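The values are calculated or read from the model by the stated rules, or taken from the named source; none is laboratory data. Owing to the predicted nature of the structure, the values given are computational and were not obtained by experimental measurement. Cβ: placed from backbone, ideal geometry, glycine included. Neighbour counts: every protein chain shown. Protein only, heavy atoms only, side chains kept; ligands, DNA and RNA dropped before computing areas. Shrake-Rupley method; radii C 1.70, N 1.55, O 1.52, S 1.80 Å.
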Amino acid sequence: LLDHVLPRYLAHLSKTVLHGAAVGMGPETILLLGETGAGKSTLAAYLSMTEAELLSDDAVIGEANEDGMLVKPTYPTLRLWESSIKGLYSSRPQTRPVAHYSSKLRVDVETHIPARDTPRRLAAIYRLVRGDADAEISICSVGTRDACMSLIQNAFQLEPGDPRLFGSAADIAGKAPMFDLDYADDFDRLGDVRDAVTGHVRSQRRHGRLSRSKPKLPEAVLAGY
(Lines give C-alpha, C1' and ligand atoms only; values in the text may rest on other atoms or scores of the structure.)
Protein backbone atom coordinates (compact mmCIF):
# COMPACT_ATOMS: atom_id res chain seq x y z
CA LEU A 1 0.00 0.00 0.00
CA LEU A 2 2.71 2.50 0.99
CA ASP A 3 5.25 1.54 -1.64
CA HIS A 4 3.06 0.97 -4.69
CA VAL A 5 -0.58 2.01 -4.29
CA LEU A 6 -0.50 5.41 -2.56
CA PRO A 7 2.28 6.94 -4.72
CA ARG A 8 0.35 6.01 -7.86
CA TYR A 9 -2.90 7.31 -6.37
CA LEU A 10 -1.19 10.64 -5.69
CA ALA A 11 0.03 10.66 -9.29
CA HIS A 12 -3.55 10.06 -10.42
CA LEU A 13 -4.48 13.22 -8.46
CA SER A 14 -2.09 15.21 -10.70
CA LYS A 15 0.86 15.06 -8.28
CA THR A 16 4.32 14.39 -9.67
CA VAL A 17 5.65 11.54 -7.54
CA LEU A 18 9.25 10.52 -8.17
CA HIS A 19 10.82 7.22 -7.16
CA GLY A 20 13.98 8.46 -5.50
CA ALA A 21 15.74 9.27 -2.25
CA ALA A 22 15.61 12.85 -0.95
CA VAL A 23 18.39 14.04 1.34
CA GLY A 24 18.75 17.40 3.10
CA MET A 25 22.34 18.66 3.16
CA GLY A 26 22.31 21.85 5.19
CA PRO A 27 20.33 24.46 3.23
CA GLU A 28 20.31 22.26 0.14
CA THR A 29 18.14 19.27 -0.73
CA ILE A 30 19.22 16.72 -3.31
CA LEU A 31 17.37 13.87 -5.00
CA LEU A 32 19.02 10.54 -5.81
CA LEU A 33 17.66 8.60 -8.79
CA GLY A 34 18.69 5.24 -10.18
CA GLU A 35 17.61 1.79 -11.21
CA THR A 36 16.84 -0.87 -8.62
CA GLY A 37 20.12 -1.84 -7.00
CA ALA A 38 21.89 1.38 -7.98
CA GLY A 39 22.39 2.28 -4.32
CA LYS A 40 19.88 5.10 -3.72
CA SER A 41 18.87 3.92 -0.25
CA THR A 42 22.41 2.92 0.71
CA LEU A 43 23.90 6.30 -0.18
CA ALA A 44 20.97 8.16 1.40
CA ALA A 45 21.40 6.13 4.59
CA TYR A 46 25.13 6.85 4.69
CA LEU A 47 24.63 10.56 4.16
CA SER A 48 22.03 10.66 6.95
CA MET A 49 24.47 8.97 9.33
CA THR A 50 26.94 11.80 8.91
CA GLU A 51 25.83 15.38 8.23
CA ALA A 52 22.60 15.05 6.24
CA GLU A 53 18.87 14.52 6.86
CA LEU A 54 17.11 11.53 5.39
CA LEU A 55 13.80 12.80 4.01
CA SER A 56 12.73 9.75 2.01
CA ASP A 57 14.34 6.80 0.25
CA ASP A 58 11.35 5.83 -1.86
CA ALA A 59 8.92 8.51 -3.03
CA VAL A 60 8.88 12.31 -3.09
CA ILE A 61 6.35 14.76 -4.48
CA GLY A 62 7.88 17.32 -6.81
CA GLU A 63 6.49 20.70 -7.77
CA ALA A 64 8.06 23.50 -9.80
CA ASN A 65 7.22 27.12 -9.03
CA GLU A 66 8.63 30.52 -10.02
CA ASP A 67 11.40 30.30 -7.41
CA GLY A 68 12.62 26.84 -8.31
CA MET A 69 11.84 23.22 -7.62
CA LEU A 70 10.26 21.99 -4.38
CA VAL A 71 10.09 18.44 -3.06
CA LYS A 72 8.02 16.99 -0.24
CA PRO A 73 8.68 13.54 1.25
CA THR A 74 5.81 11.08 1.51
CA TYR A 75 6.38 8.78 4.48
CA PRO A 76 9.37 7.86 6.68
CA THR A 77 11.18 4.90 5.18
CA LEU A 78 14.56 3.29 4.75
CA ARG A 79 14.67 -0.06 2.98
CA LEU A 80 18.02 -1.82 2.66
CA TRP A 81 19.44 -5.13 1.50
CA GLU A 82 21.11 -7.25 4.16
CA SER A 83 24.52 -6.53 2.60
CA SER A 84 23.95 -2.78 2.95
CA ILE A 85 22.92 -3.11 6.59
CA LYS A 86 26.11 -5.04 7.35
CA GLY A 87 28.22 -2.57 5.39
CA LEU A 88 26.74 0.57 6.93
CA TYR A 89 26.08 -0.17 10.60
CA SER A 90 28.56 -1.14 13.30
CA SER A 91 25.68 -2.48 15.40
CA ARG A 92 22.58 -3.91 13.80
CA PRO A 93 19.54 -1.57 13.83
CA GLN A 94 15.94 -2.62 14.36
CA THR A 95 14.56 -4.10 11.13
CA ARG A 96 11.42 -5.76 9.83
CA PRO A 97 10.46 -7.32 6.50
CA VAL A 98 9.36 -5.05 3.68
CA ALA A 99 7.03 -7.51 1.97
CA HIS A 100 6.74 -11.17 1.07
CA TYR A 101 8.04 -10.49 -2.45
CA SER A 102 11.24 -8.72 -1.38
CA SER A 103 14.27 -9.70 0.68
CA LYS A 104 14.87 -6.05 1.58
CA LEU A 105 14.44 -5.05 5.22
CA ARG A 106 12.79 -1.91 6.53
CA VAL A 107 15.07 -0.06 8.96
CA ASP A 108 13.45 1.89 11.78
CA VAL A 109 14.28 5.55 11.08
CA GLU A 110 11.24 7.29 12.58
CA THR A 111 13.28 9.28 15.10
CA HIS A 112 15.67 10.56 12.42
CA ILE A 113 13.01 12.02 10.12
CA PRO A 114 12.49 15.81 10.38
CA ALA A 115 9.14 17.61 10.14
CA ARG A 116 7.56 16.55 6.87
CA ASP A 117 4.88 19.16 6.25
CA THR A 118 7.19 21.80 4.75
CA PRO A 119 8.36 21.38 1.13
CA ARG A 120 12.10 21.66 0.61
CA ARG A 121 13.84 23.51 -2.22
CA LEU A 122 15.59 21.03 -4.51
CA ALA A 123 19.07 22.10 -5.52
CA ALA A 124 20.09 19.20 -7.77
CA ILE A 125 19.27 15.67 -8.91
CA TYR A 126 21.95 12.98 -9.00
CA ARG A 127 21.47 9.92 -11.21
CA LEU A 128 23.52 7.10 -9.71
CA VAL A 129 25.90 5.05 -11.82
CA ARG A 130 27.86 2.47 -9.83
CA GLY A 131 31.06 1.19 -11.35
CA ASP A 132 33.45 -1.55 -10.25
CA ALA A 133 35.66 -1.31 -7.17
CA ASP A 134 38.33 0.63 -9.12
CA ALA A 135 35.98 3.29 -10.53
CA GLU A 136 36.88 6.90 -9.87
CA ILE A 137 34.24 9.30 -8.59
CA SER A 138 32.92 11.54 -11.34
CA ILE A 139 30.02 13.99 -11.58
CA CYS A 140 28.87 14.95 -15.08
CA SER A 141 26.02 17.18 -16.22
CA VAL A 142 23.02 15.52 -17.90
CA GLY A 143 21.36 17.27 -20.84
CA THR A 144 17.86 18.61 -20.34
CA ARG A 145 16.18 16.18 -22.75
CA ASP A 146 17.92 13.19 -21.19
CA ALA A 147 17.04 14.53 -17.74
CA CYS A 148 13.39 14.91 -18.72
CA MET A 149 13.19 11.32 -19.96
CA SER A 150 14.95 10.04 -16.83
CA LEU A 151 12.38 11.79 -14.64
CA ILE A 152 9.56 10.18 -16.61
CA GLN A 153 11.17 6.77 -16.21
CA ASN A 154 11.51 7.31 -12.46
CA ALA A 155 7.97 8.59 -11.83
CA PHE A 156 5.07 6.70 -10.30
CA GLN A 157 2.04 6.46 -12.62
CA LEU A 158 -1.34 4.87 -12.18
CA GLU A 159 -2.04 5.20 -15.90
CA PRO A 160 1.05 4.55 -18.08
CA GLY A 161 1.45 7.23 -20.72
CA ASP A 162 -0.45 9.93 -18.83
CA PRO A 163 0.48 13.05 -20.89
CA ARG A 164 0.46 15.29 -17.81
CA LEU A 165 3.76 13.76 -16.74
CA PHE A 166 5.57 15.12 -19.81
CA GLY A 167 4.83 18.71 -18.83
CA SER A 168 5.71 18.28 -15.16
CA ALA A 169 8.93 16.42 -15.99
CA ALA A 170 9.95 19.27 -18.31
CA ASP A 171 9.25 21.78 -15.53
CA ILE A 172 11.38 19.84 -13.06
CA ALA A 173 14.23 19.37 -15.54
CA GLY A 174 14.24 23.13 -16.10
CA LYS A 175 14.30 24.02 -12.41
CA ALA A 176 16.72 21.47 -10.94
CA PRO A 177 19.81 20.39 -12.90
CA MET A 178 20.62 16.68 -13.14
CA PHE A 179 24.04 15.09 -12.89
CA ASP A 180 25.38 11.58 -13.36
CA LEU A 181 27.20 10.46 -10.21
CA ASP A 182 29.60 7.61 -11.00
CA TYR A 183 31.38 5.92 -8.09
CA ALA A 184 32.85 2.61 -6.96
CA ASP A 185 30.68 -0.14 -5.53
CA ASP A 186 32.61 -0.10 -2.25
CA PHE A 187 31.28 0.72 1.22
CA ASP A 188 34.73 1.91 2.31
CA ARG A 189 34.64 4.70 -0.27
CA LEU A 190 31.22 6.13 0.59
CA GLY A 191 32.92 8.86 2.62
CA ASP A 192 34.67 10.04 -0.53
CA VAL A 193 31.35 10.01 -2.41
CA ARG A 194 29.77 12.13 0.35
CA ASP A 195 32.64 14.64 0.18
CA ALA A 196 32.40 14.81 -3.62
CA VAL A 197 28.64 15.45 -3.60
CA THR A 198 28.86 18.00 -0.78
CA GLY A 199 31.65 19.88 -2.53
CA HIS A 200 29.84 19.75 -5.86
CA VAL A 201 26.61 21.18 -4.45
CA ARG A 202 28.49 24.00 -2.73
CA SER A 203 30.53 24.76 -5.84
CA GLN A 204 27.48 24.83 -8.10
CA ARG A 205 25.60 27.08 -5.70
CA ARG A 206 28.58 29.43 -5.37
CA HIS A 207 28.76 29.83 -9.13
CA GLY A 208 24.99 30.09 -9.59
CA ARG A 209 24.75 26.95 -11.74
CA LEU A 210 21.91 25.16 -9.96
CA SER A 211 19.25 26.39 -12.40
CA ARG A 212 18.50 26.28 -16.09
CA SER A 213 15.76 27.03 -18.57
CA LYS A 214 12.83 24.76 -19.25
CA PRO A 215 13.50 22.32 -22.13
CA LYS A 216 11.34 22.56 -25.20
CA LEU A 217 9.01 19.64 -25.84
CA PRO A 218 8.05 18.35 -29.29
CA GLU A 219 4.90 19.89 -30.68
CA ALA A 220 3.15 16.50 -30.70
CA VAL A 221 3.76 16.14 -26.97
CA LEU A 222 2.61 19.67 -26.26
CA ALA A 223 -0.56 19.09 -28.27
CA GLY A 224 -1.37 15.99 -26.22
CA TYR A 225 -0.55 17.80 -22.99
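Tabulated values for the structure
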read-out: Heavy-atom SASA rank of SER14, SER203, SER90 (probe 1.4 Å, accessible area, largest first); value: SER90, SER14, SER203
read-out: FRET efficiency, 1/(1 + (r/R0)^6) with R0 45 Å, evaluated for ARG121 and ALA99 via beta carbons; value: 0.85
read-out: Highest-MSF residue in the chain out of GLN153, GLN204, GLN94 [GNM, Cα springs under 10 Å]; value: GLN94
read-out: Phi to ³J(HN,Hα) by Karplus 6.51 cos²θ - 1.76 cosθ + 1.60 over segment 80-85, Hz, x for Gly, Pro; value: 10, 6, 4, 4, 5, 4
read-out: Percent RCO, i.e. relative contact order, over segment 1-80, from Cα pairs under 8 Å lying at least 6 residues apart; value: 29
read-out: Heavy atoms of SER91 accessible to a 1.4 Å probe, total area in Å² rounded to 10; value: 80
read-out: Amide proton proximity set for LEU70, modelled H, under 5 Å, gap of 5+; value: GLU63, ALA64, ASN65, LEU122
read-out: Cut-off under 5 Å, modelled amide H: who pairs with SER56 long-range; value: ALA22
read-out: Accessible-area order (highest first, 1.4 angstrom probe) of the listed residues LEU31, LEU70, LEU13; value: LEU13, LEU70, LEU31
read-out: With at most 14 other Cβ atoms within 10 Å, longest stretch of the chain clear of loop trypsin sites (Lys or Arg not before Pro) (DSSP); value: 1-115
read-out: Heavy-atom accessible surface of the chain: percent carbon and sulfur, 1.4 Å; value: 51
read-out: For the chain, accessible area per residue (1.4 Å probe, heavy atoms of protein chains only), Å²; value: 51
read-out: From phi via Karplus (6.51, -1.76, 1.60), per-residue ³J(HN,Hα) for segment 158-175 in Hz, x at Gly/Pro; value: 7, 10, x, x, 4, x, 4, 5, 4, x, 5, 5, 5, 4, 5, 4, x, 9
read-out: For the chain, calculated [θ]222 nm from helices alone, where every DSSP H run of n ≥ 4 adds -39500 (n - 2.57); value: -9000 deg cm²/dmol
read-out: Distance in nm between pseudo-label sites at MET49 and GLU82 (7 Å out along the Cβ direction from Cα); value: 1.8
read-out: Rounded to whole Hz, the Karplus (6.51, -1.76, 1.60) HN-Hα couplings of segment 66-77, x for glycine and proline; value: 5, 8, x, 10, 10, 10, 10, x, 9, 9, x, 7
read-out: Accessible surface ranking that places the most exposed of CYS140, CYS148 first, with a 1.4 angstrom probe; value: CYS140, CYS148
